[in-house]
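Q: Quick one: the structure is below, and I'll ask about it shortly.
Derivation of every value follows stated rules applied to the coordinates shown; laboratory data play no part. All of these numbers come straight from a predicted model, not from anything done at the bench. With ideal geometry, Cβ positions are generated from the backbone for all residues, glycine too; neighbour counts draw on all protein chains shown.
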Amino acid sequence: MKLDRASPASAAAVVEKFIPSTADRASVLAVFAEVVKHAEKLGTERWSITLKRNRVRLNAGNLRVFDINHGGIKLSLDPARVDEHQKAALDAANIHREVDGYHLFPSYQTARVPAALVAELWPNLRAAALAAIDGAASWGKCPYRNAHSPGVLGYLAAQTGVDVVVQPPPAASSQLGELLRRSYASANLAFTDDQIACFFTGLQVKGFVLLTGISGTGKSKLAQHFIDALGHAKPSGQAQDANRIRIRAMPYMMKHGHLIVPKRIAELVAIPDAGEAVDIELHFPGGKETVRFSHRKYSATDYLELPLRGKARDWARNELPDIESFFLEPITDGNAQLTGFRILVDTAGETPAHAGAHRLFLSVGADWRDRTELLGFYNPVTEKYESRRFVEFLEEALEAWERKDRRPYFVILDEMNLARVEYYFADLLSVLESGRGADGLTVEAVELAYPDGFAATDAPRKRLHIPPNFFVVGTVNSDETTHAFSPKVLDRAFTIELNDVDFELVYGDTAAALSASERREVAQAFSVGGSYPRLDRAGAEDLLEDTPQVRERLQSLTEALQPFEMHFGYRVFDEIVLFLVHASRNKLFPEGLDDAFDHAVLMKVLPKFHGSRSKLERPLLTLLRWCVRPDDDLDVADEAYATLEVALSNVPTEETVTFPATAARVRRMLRALSTSGFASFG
């Protein structure tokens, strides 16, 4: 039987298989109905039901708190709510309580109870089990909502008569959210709505996003499939055919009617000596023409020139304005002597100027020790510029922006921490932080070093401003890291952690891939109509006027962290506010602006926290208290946050944490301080 999460029959098949006794099953379902009714009071986003072939599970917050499985139930307990009398009853029934090991609730225990004993022992377990559900739900919404199984609730209502709300799976928060969710589902990729929303919005604000977490959580796939969702993903800058070279179409070619041929053509065919020229045939789409291939000497440099004439010049003037690049392929005779060139235009996968995306995937090597790994260098021995795919790709993006081609260009730097990021990426970081002008370009430029006059040959332009259609996504494996990321790097990106996994989402319901029109819709939303606004002052001013608590809460937090020298400045403030501006437009966060604010603080403030217990304990406790009640006066002493141990054991159950995502990450760091004396973000 196929498992259908919406079907009560599927739920019946699983439960009745593992608890065949009618009487025992009635006892288990009665208890399950009670805990579900209790979870209902916590709010829709705080809990969910998961149906699997080997269990039925209740999730609260980030915890799996109650299972019906083979032979009985398994449930989480808050040991503080089990008195001595109850402990004795459980011990007498040989019910062992094991430590759960949840990073948010290190004291919680797990108890396994046979179905035949559930009715007898539930009175001794009720208070501790319900307290565990309250504690788990108070620290955030449930990340397993995408796998919610309403069929279980229908079966439960039919069997027990208890009035439970048969909730459907959550609807997407917007049409854009539905498209993104469906796009990832069509590729069998399991990411939460929050992860997708943070990635989408963080790229819009900064253009530099880091994806960190344990190996195998799909960090590269999150980026790669997002690019696919924007349209045809063109793998630009890949290794070229061994028998030809790619040349970018440049305005001077149409204006002056000649081509500057990259010197690396000499790797494919013998070229004339400096100062010499040969007559060859130039084949182009639709015809051929005899031209003179010259190796010109000019001052201290030299270059290869291919003047165009006749029909070849007409073709260049008419066709080159509409293409990005073409290939130049040598033609040789039987003695491998050059007799001509063939111009080839790659039309495969061509897309409109405002649709689709370009992608460059680079694996970072452990031997990347300086900027030349990305930007290349001038070799004075060979008198060539040893270019790199990254810098050529950046120049392509800049040229596209200048000719008003608004397709985005994405670089994925895989496993960035195999080498020290500061060594090979420092120049790019500095330029990204230099601000942007009215034209969208960065104020400062990436500077390439080569002799004056050399730019007329095959080197990239000497100054490369970064356009707003250029994006960098880096992946970092936190469990296999060779070099730790410095807080300086983490602070300059939007850093998203992908550590939580839910196998229920893998190989689940299939979804149809996006149509061409739907991909264009996603692309238009991402680029904001092709404008890529990185600095929306008007939007920021409106948001701060409409929601003054944003400014007040950030001011309160930075003042509270200042005594520990962990406070933040104007850049972080601006980026959080702009994140909220884009989040308000996109409507991707299920719980609205507070949800977006929570994740923005998590990504932009926590990266500064890195060090020993003596350095981090007090500022982390301060941040944790702010997450719970951000509008309180943080200068007033609060015994609940007096020490790390007190804060970890004091889980609020009567009030909702205002910023649960940040609070949960802070608790993980506090737990790391408690066990190892050191904690870091990322």
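Q: Taking one equal scatterer on every alpha-carbon of segment 8-160, how large is log10 of I(q)/I(0) by Debye at q = 0.12 1/Å?
A: Log10 I(q)/I(0), no solvent term: -0.46.
Q: Report the Cα centroid-to-centroid distance between segment 17-70 and segment 376-423 in angstrom, as an integer.
A: 53 Å
Q: Over the alpha carbons of segment 536-680, what is the largest minus smallest coordinate on each principal axis, giving the biggest first in Å?
A: 45, 33, 27
Q: Here's a follow-up. Of R492, R553, how do they rank once you tally other Cβ atoms within 10 Å and put the fewest first? Don't skip to the answer; put the middle values down first.
A: Values: R492 22, R553 18.
Sorted ascending by nearby Cβ count, the order is R553, R492.
Q: How much net charge surrounds A249 when only other residues with a Cβ under 11 Å from its Cβ are counted (Lys, Arg +1; Asp, Glu -1)? Numbers along the way, then the final one.
A: Details: positive: R246, R248, R403; negative: E319, D322, E324, E396, E399.
Here the charged neighbours net out to -2.
Q: Once Lys and Arg get +1 and Asp and Glu get -1 on their Cβ, which of Q562, T675, P630 lies farthest toward the positive end of the dipole of segment 536-680?
A: Among Q562, T675, P630, the one farthest towards the positive end of the dipole of segment 536-680 is T675.
Q: Given Cα pairs under 8 Å that are at least 6 residues apart, what percent is the relative contact order of the chain?
A: Taking the mean separation of contacting Cα pairs over the length of the chain, I get 15 percent.
Q: Also, quick follow-up: Under the definition of Cα pairs under 8 Å and six or more residues apart, what whole-number percent is the relative contact order of segment 485-632?
A: Details: 83 pairs, mean separation 48.8, N = 148.
Rounded, it is 33 percent for segment 485-632.
Q: Let me ask something else. Placing unit charges on C-beta atoms (Lys and Arg positive, Asp and Glu negative, everything else neutral), compute the dipole magnitude of the chain about its Cα centre in debye, rounded to 20. Before the final figure, lay out each step's value.
A: On the way: 78 positive and 92 negative charges, 218 e Å.
Magnitude of the dipole: close to 1040 debye.
Q: Go ahead and estimate [θ] at 222 nm for the chain from helices alone: -39,500 (n - 2.57) per DSSP H run with n ≥ 4, summed, over the residue count, rounded to 500. Intermediate results must be reported in sequence, preceding the final value.
A: Details: 22 runs with 262 residues, N = 682.
Calculated mean residue ellipticity at 222 nm is -12000 deg cm²/dmol.
Q: Tell me which GluC sites (Glu not before Pro) from segment 597-673 have a DSSP coil assignment and no more than 12 other beta carbons within 10 Å of their own. Don't skip to the answer; put the middle values down first.
A: Numbers: sites: E617, E639, E645, E654, E655; in loops: E654, E655.
Here the GluC sites (Glu not before Pro) that fit, given the DSSP loop and packing criteria, are E654, E655.
Q: How much FRET efficiency would the formula 1/(1 + (r/R0)^6) give for K462 and S612, where r is the Cβ-Cβ distance and R0 is 35 Å, rounded to 0.05?
A: Step by step, r from the Cβ atoms, then E = 0.20.
Q: Give the relative contact order (percent, whole number) for segment 245-344; include only Cα pairs under 8 Å separated by 6+ residues.
A: 35 percent
Q: Also, I was wondering about something else. Arranged from highest to lowest average of other beta-carbon atoms within 10 Å per residue, in what order do the peptides 199-205, 123-129 appear? Working shown, then result.
A: Working: 199-205: 24.4, 123-129: 18.7.
Sorting 199-205, 123-129 by mean packing, highest first, produces 199-205, 123-129.
Q: Cα-based Rg of the chain per 2.2 N^0.38 Å, rounded to two decimals? Mind showing how you got there, number by number?
A: On the way: Rg = 30.5 Å, N = 682, 2.2 N^0.38 = 26.3 Å.
For the chain, the normalised Cα radius of gyration is 1.16.
Q: Something else now. Straight-line reach from K608: which lysines fall under 16 Å, measuring Cα to Cα and dropping same-chain residues less than 8 apart?
A: Here the lysines satisfying the reach criterion relative to K608 are K488.
Q: Related question: Based on the mean of other Cβ atoms within 10 Å per residue, sort peptides 422-435, 71-84, 539-552, 579-592 so the most packed one is first. Let's see the in-between values first.
A: Numbers: 422-435: 16.9, 71-84: 18.6, 539-552: 14.4, 579-592: 20.6.
Packing proxy ranking, top to bottom: 579-592, 71-84, 422-435, 539-552.
Q: For V605, V636, what ranking results if the residue with the fewest other Cβ atoms within 10 Å of its Cβ goes first? Intermediate results must be reported in sequence, preceding the final value.
A: Values: V605 23, V636 6.
Exposure proxy ranking, most exposed first: V636, V605.
Q: Count the DSSP beta bridges whose two residues both fall in the chain, then state the antiparallel fraction as a percent rounded to the nearest 5.
A: The antiparallel proportion sits near 70 percent.
Q: Order of 665-671, 595-601, 331-337, 262-268 by packing, highest average Cβ count within 10 Å first?
A: 595-601, 665-671, 262-268, 331-337
Q: Quick one: S220, S515, fewest Cβ neighbours within 10 Å first, how do they rank?
A: Ascending Cβ contact count within 10 Å gives the list S515, S220.
Q: Here's a follow-up. How about K87: which lysines have a C-alpha closer than 23 Å to its C-alpha, ignoring those fewer than 8 places off in the same chain?
A: Qualifying lysines at Cα under 23 Å: K74.
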